[in-house]
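Comments concern the structure below.
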């Protein structure tokens, strides 16, 4: 039985790490969560609309991320074969299971940004390996 949310056995620890690794495999990387947030905030979007919503993502990378998110059940691609052909991407109900994770990441990210800003000599300076202090992640806030 876990104590303070932590497993007490090596087996429990390995299971916990395995679960985290599985989650990171599916939603990890630079672009998957921003794509999910953009669709969550804006509803169904066409490819170019989605690319404009996720600042900095290339068409090639977006295409790859959309295929992977579809394979993992987070979004669906619908094709209207009228003239012109319209392809839209929308989140599935399964993507809603990420809501607590996204909320926790948003809160932690805001807290971390403020902590880092407190250490910077100028408020507009960027962390050495991160985006500018006012850059956000390229998608609307949750």
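A few points about this structure:
- Residues located in the stretch 41-65, provided they are surrounded by fewer than 18 Cβ atoms within 10 Å (Cβ to Cβ) and in a helix (DSSP H, G or I): 41, 42, 47, 48, 49, 52, 59, 60, 61, 63, 64
- Being modelled with pLDDT of 70 or more, loosely packed, with under 12 Cβ neighbours inside 10 Å, assigned to a helix (DSSP H, G or I) and more than 13 Å from the chain's Cα centre (by Cα) is a property that residue 117 lacks.
- With respect to the conditions (1) part of a helix (DSSP H, G or I); (2) more than 13 Å from the chain's Cα centre (by Cα), residue 26 lacks only one, and its number is (2).
- Test for residue 104: is it loosely packed, with under 13 Cβ neighbours inside 10 Å, touching a helix residue (DSSP H, G or I) at 6+ places or on another chain (Cβ under 7 Å) and either within 20 Å of residue 24 (Cα to Cα) or modelled with pLDDT of 95 or more (or both): no
- Residue check for residue 52: more than 17 Å from the chain's Cα centre (by Cα), at pLDDT 95 or above and within 21 Å of residue 30 (Cβ to Cβ): no
- Condition met for residue 73 (modelled with pLDDT of 95 or more, surrounded by 13 or more Cβ atoms within 10 Å (Cβ to Cβ), touching a helix residue (DSSP H, G or I) at 6+ places or on another chain (Cβ under 7 Å) and part of a loop (DSSP other than H, G, I, E, B)): yes
The values are calculated or read from the model by the stated rules, or taken from the named source; none is laboratory data. Quantities reported herein were computed from a predicted structural model and do not represent experimental measurements. Note that we place each Cβ from the backbone using ideal geometry, even for glycine, and neighbour counts take in every protein chain shown.
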